[in-house]
Structures are given as structure tokens and as C-alpha cells.
Amino acid sequence: MARLGLPALLCTLAVFSAALLAAELKSKSCSEVRRLYVSKGFNKNDAPLHEINGDHLKICPQGYTCCSQEMEEKYSLQSKDDFKSVVSEQCNHLQAVFASRYKKFDEFFKELLENAEKSLNDMFVKTYGRLYMQNSEVFKELFKELKHYYVVGNVNLEEMLNDFWARLLERMFRLVNSQYHFTDEYLECVSKYTEQLKPFGDVPRKLKLQVTRAFVAARTFAQGLAVARDVVGKVSVVNPTAQCTHALLKMIYCSHCQGLVTVKPCYNYCSNIMRGCLANQGDLDIEWNNFIDAMLMVAERLEGPFNIESVMDPIDVKISDAIMNMQENSVQVSQKVFQGCGPPKPLPAGRISRSISESAFSARFRPYHPEERPTTAAGTSLDRLVTDVKEKLKQAKKFWSSLPSNVCNDERMAAGNGNEDDCWNGKGKSRYLFAVTGNGLANQGNNPEVQVNTSKQDTLILRQIMALRVMTSKMKNAYNGNDVDFFDISDENSGEGSGSGCEYQQCPSEFEYNATDHAGKSGSDKADSAGARAGPQPYLLIIFCVLFLFMQREWR
């Protein structure tokens, strides 16, 4: 041993140290990876204590790894759940905004109608007493039809209002001519002269225009909020396919297999995966933005000439003005009717005095003073509701094209935009070099992370695009003051409750599975990755030392 000398001794120590180093590299601790794996509720027996050979890995980079086959499989399911959860959180907030605003508008409109009916009833009882109560069904029917239109639709507002004024004319004509007997046929003849005689002045024409425009705008706007709520609810339920799930696994958990538990995915890397996995959702953006613009247009109408509050709040006064016009012009109106429909038959003398005493009413109608009027609906005003919802609508614009970025802005999903060098790029801790693809299905042909079948659109998304397109058309009609043909919300969404999606249904795949990873990881890439993870090879040092000892003996 002494004959070997100092060089041989140093070489022997080097060999021994190299062997120890090799053993240490092969058995690097996986304790932190294991701890985090168990914290997610998984079985600790799945996780190795030290690094093992990673030839069994199907998605994550091979080489020395802290992941067993069971861990990779469970991480795959977990990455899918993580993705669905973050997308759902983003969408749920927007859905809640539309749901709450729809509820507020709906409650406001319904209470506004209730208060308008109560105001008219109270005022007419004070003014006409029993005379009004005997004929109150005419007014009750008016409000019943208005409520039915708002809640259900299927009411022609112009025809309904024409019927109201015709029935009111019949009642008023009887009252001002209570000494005569009128058959139903005679009263039908009276109704024919309504447009020509204008017994109520210009009130019916003005009120018909105001009520029609205001109710169409109010109902369409409320329906629009409900449609937006339901569209977001349906689209928020994502069901990633195999290729998307593989990409999510690589992004979220494959870094753990290499022991990089604190390194987050690169922002641009995350963006490409999200734009691939949410490609179909991105196609909603154009119709969604058109829909938002149409909603904002109708909101302006609600603040201005189509303000339902300014129409319904004084409707009792407007109808009272019409009745006063009829009272003041009753003689001229009656004479023209008698000329056109013929002289009516007088009642027997005994019945005339009784009929007049029963039907006598005040000479003038006494309207409320402002301080006597009932409180307006919901303790708020339409202007405040519209101002609030307009702000929310503006914020909701471009939501679907911004969704991938918003998901990646979540600290659970990716590193900050400024941390471009010390982030996980799918293979290791380094800068991500690929460019970010555009949004929507058509832009995914060159996505480096997720292979997407750009020729096949998702049927659920197509249905929502159509729902938005139809609603946008209705909004434009309402903006122009035109009546809107509505199916009730429950009919339009029959069998599809808010929030339903592809989760429990047979939906077409968004992406076609391809056995080759579209990120460009071939078998040689995996081998390179394995070599990179193995670290410095100590075997060269051993060979060098053996050769050195042999040469030293030959020299001697």
C-alpha cells in the first residue's frame, strides 16, 4: 500500500468519493414532494422516499423522478379538477353579477306594477267611491294584462290597450247617458266611433306609445340579463379532453416529479395551454360583445324615453285626465254617437231616477298631490339600477377572449408575467420560448402545447352563440321601439337548467387525441431530459484513476 504513493492514495479517495456522490444523486430525497402529495389526500404509499428511475412515466419527463406511475395518474385527475375549478371561479363571479341584476330588475318592475295599480285604486276609490268599485274590473284587467306581458309575454300590447279604452268608453257612455237603455250591439257601434270621436282626448294614443315602448324595453332588458346569466352558467362547466388533460398535467404537476415543488409554470406556457383548452369558449367572444353592446343601447333607452318608471308611476293621473276629457265632452260625444248609431231607447220613468242616483259622480276628478302618492317600488329608482348594470356590462365585455389570461393570472396556475427565467416550461426550470397563440378555435392550428381539431366546433358553444345572436336581435328591435316576439325563458331553455353543461351529458370532444405530444417532446427529447436530470457521471473519474494506476506501474 505504501508503494502506491500519494497519487495512488488520492486517486483511491477520489474513486470512493465519486461512488458516494453517485449514490447520493441516485437517491435524492423526495420528502417535500411526498408531503405535498399526501396533503392533497392521496396515499403516501404511492410516493417514493427517494428518486427512482422514471421510465414508467407517460406524460412527465423521464429520468430520475419523485413520481411513481400511480402518482402521475392521480396528478392527471387532479390537474383536470384544478383547471375546472379555476375556470368555474372566473365564470361564477360573472354569472352571479347577471343573476343578481336580473333579480333586482325583475323585482323592481313587478313592484312598480303593483304600486301603480294600488295608486290608481286608492285614488279612484277616493274620487268615485262605489261607482269606481262597481267598474273596477276594467282597470284590474288592464294591470293583469300588463303583468302577464312582463312575466310571460304573448300579449299584443296595442290591441290590449285598445280593448281597455273601448271597454272604458262603454262604461263611461252608459254612465253619462244613464237615462237610456243600451244593448250590446249598440255599445259595439259606440266602440267603432272611438278613433273618430276621440272621447278621451289624445291620452290613449300617447299612453299606448309610451307603455308599449317602455314595457318592450323593460322586459327585453330583463330577459337579456337572464340569458347572459344562463349562457355563462352553461359555458362555465368545462370538460377537458385527453389531450388537454395531458397538457394540464405537464403544466401543473410534472415539475413536482422533478422536485421543483415551488417553481410555477411560465405565464406564456400557461397561456398557450389555456387558449388550447378554452378554444371553443373563445369563439363566443364576437357574439358576446355584440350582445353586450345591444344591452347597453337598450339601457340608454331605459334611462330616457322608454323609462318604464316615468310611464307607470303617473299612469293613474293620465287615465284620470282621459276620464275628465270624456266628462267634459260627453254631450258632444253622445250627440255624434246618436247620429251614427241611431237614437237609443229611454228607460222607464221609475228606473231613470234610480239609475241616475246610483251613477251620479263628482263633477271633477281630484288627482293626488305629490306628497300623497304611494312610495315608489323597491325604495330605489330605475336610473340607479341602470347606472349600476351599465358599469357591470362594460366590465363583462371581452370576457371570453380574456378568460385564458385571467386563469393564468391566478397565482395557483402560473408565475407572474415578470418571472420569465425561473419558471417551469414543461421540461425544466427555464425560459419558455414559444410564442403565444391567438384566441378561438381557428387560431389553434399551431398551438405548441395542445393539439386541437380546428374543424369541429363544440355543439354546446354553438347553441349559446345562437342564443346570444337571437337575444341581440330582440334587443335591437326593443331599442327601435318595436315589439318583440318572446318565448318564455323556461321554454327557450327547456331541459337545460342554469349552469348545466357537458359534465353529465354526451358532448362532442373539443380536441382530438394524438399520441405524440404536440409540444414537440419526442423519444430523444425524453432521453435528453433523462440525461440532464442524472447530473455529472462519476464513472469517467473511476476509469481515469484505474488507467493512472496502471500507467504508474508500467513506468516503474
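The values are calculated or read from the model by the stated rules, or taken from the named source; none is laboratory data. Small disclaimer: the values here were computed from a predicted structure and weren't measured. Neighbour counts are summed over all protein chains in view; Cβ atoms, including those assigned to glycine, are modelled from backbone coordinates with ideal geometry. SASA here: full protein model, heavy atoms, side chains in, ligands and nucleic acids out. Shrake-Rupley method; radii C 1.70, N 1.55, O 1.52, S 1.80 Å.
Taking the listed residues Ser255, Ser271, the one that is touching a strand residue (DSSP E or B) at 6+ places or on another chain (Cβ under 9 Å) and either of a type in the set (Ser, Thr, Tyr) or at pLDDT below 95 (or both) is Ser255, with no other qualifying.
Take the residues in the range 451-508 that are assigned to a loop (DSSP other than H, G, I, E, B), farther than 20 Å from Val237 by Cβ and open to solvent by less than 30 Å² (accessible area, probe 1.4 Å); name whichever of them is modelled with the lowest pLDDT. The selected residue is Phe486. Taken together, the residues in the range 444-455 that are under 15 Å from Asp283 (Cβ atoms) and in contact with an Asp or Glu (Cβ under 8 Å, 6 or more places away or on another chain) amount to 2. Screening Arg213 on (1) of a type outside the set (Val, Ile, Thr); (2) within 19 Å of Ser473 (Cα to Cα); (3) in contact with a Leu (Cβ under 9 Å, 6 or more places away or on another chain) shows it passes everything except condition (3).
Taking the range 101-142, which residues are among the hydroxyl-bearing types (Ser, Thr, Tyr) and open to solvent by less than 40 Å² (accessible area, probe 1.4 Å)? Once the filter is applied, which keeps residues that are among the hydroxyl-bearing types (Ser, Thr, Tyr) and open to solvent by less than 40 Å² (accessible area, probe 1.4 Å), the range 101-142 yields Ser119, Thr127, Tyr128, Tyr132, Ser136.
Give me the residue from the range 437-450 that is under 30 Å from Ala226 (Cα atoms) and outside any loop (DSSP other than H, G, I, E, B) and, out of that set, farthest from the chain's Cα centre (by Cα). By that ranking, first place goes to Ala442. If you go through the range 279-312 and keep only what is assigned to a loop (DSSP other than H, G, I, E, B), of a type outside the set (S, T, N, Q), open to solvent by 10 Å² or more (accessible area, probe 1.4 Å) and at pLDDT 90 or above, you end up with just Asp283. Residue under question is Gly276, and the condition is that it be assigned to a helix (DSSP H, G or I) and open to solvent by less than 50 Å² (accessible area, probe 1.4 Å); does it hold? Here the answer is yes, as Gly276 does meet what is asked. Evaluating Pro374 against the criteria (1) at pLDDT 80 or above; (2) out of contact with any Pro (no Cβ under 7 Å at 6 or more places or on another chain); (3) surrounded by 15 or more Cβ atoms within 10 Å (Cβ to Cβ) leaves one unmet condition, (1).
For (1) farther than 11 Å from Gly259 by Cβ; (2) open to solvent by 80 Å² or more (accessible area, probe 1.4 Å); (3) in contact with a strand residue (DSSP E or B) (Cβ under 7 Å, 6 or more places away or on another chain); (4) among the aromatic types (Phe, Trp, Tyr), each residue gets a yes or a no:
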residue	(1), (2), (3), (4)
Lys28	no, yes, yes, no
Val38	yes, no, no, no
Asp46	yes, no, no, no
Gly54	yes, no, yes, no
Cys67	no, no, no, no
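So which residues in the range 94-124 are hydroxyl-bearing (Ser, Thr, Tyr) and either under 22 Å from Phe143 (Cβ atoms) or in contact (Cβ under 8 Å) with a residue 40 or more places away in the chain (or both), if there are any at all? Within the range 94-124, Tyr102, Ser119 qualify.
Of all residues in the range 394-413, which are outside any loop (DSSP other than H, G, I, E, B) and among the hydrophobic types (A, V, I, L, M, F, W, C)? Within the range 394-413, Ala396, Phe399, Trp400, Leu403, Val407, Cys408 meet the criteria.
A search for C-beta distances below 6 Å between a residue of the range 422-443 that is under 13 Å from Ser401 (Cβ atoms) and any residue that is exposed (fewer than 13 other Cβ atoms within 10 Å of the Cβ), counting only pairs 6+ apart in sequence or on different chains, returns nothing. Of all residues in the range 414-429, those that are part of a loop (DSSP other than H, G, I, E, B) and at pLDDT 90 or above total 6. Filtered by the rule that a residue be of a type in the set (D, E, K, R) and open to solvent by 70 Å² or more (accessible area, probe 1.4 Å), the range 177-212 gives Asp184, Glu185, Glu188, Lys192, Glu195, Lys198, Arg205, Lys206.
Restricting attention to the range 189-213, the residues that are at pLDDT 90 or above and either under 15 Å from Pro314 (Cα atoms) or of a type in the set (A, V, I, L, M) (or both) total 8.
Criterion first (open to solvent by 30 Å² or more (accessible area, probe 1.4 Å), touching a helix residue (DSSP H, G or I) at 6+ places or on another chain (Cβ under 9 Å), of a type outside the set (Asp, Glu) and modelled with pLDDT of 95 or more) does Lys397 satisfy it? Yes: the conditions hold for Lys397.
Among the residues of the range 150-159, is any loosely packed, with under 15 Cβ neighbours inside 10 Å, modelled with pLDDT under 95, touching a His at 6+ places or on another chain (Cβ under 9 Å) and not in a helix (DSSP H, G or I)? For the range 150-159, residues loosely packed, with under 15 Cβ neighbours inside 10 Å, modelled with pLDDT under 95, touching a His at 6+ places or on another chain (Cβ under 9 Å) and not in a helix (DSSP H, G or I): present. For the range 254-267, a tally of residues being part of a loop (DSSP other than H, G, I, E, B) and buried (at least 24 other Cβ atoms within 10 Å of the Cβ) returns 2. Any residue in the range 223-230 that is farther than 30 Å from Glu328 by Cα, open to solvent by 20 Å² or more (accessible area, probe 1.4 Å) and touching a residue at least 60 places away in the same chain (Cβ under 8 Å)? Looking through the range 223-230, at least one residue is farther than 30 Å from Glu328 by Cα, open to solvent by 20 Å² or more (accessible area, probe 1.4 Å) and touching a residue at least 60 places away in the same chain (Cβ under 8 Å).
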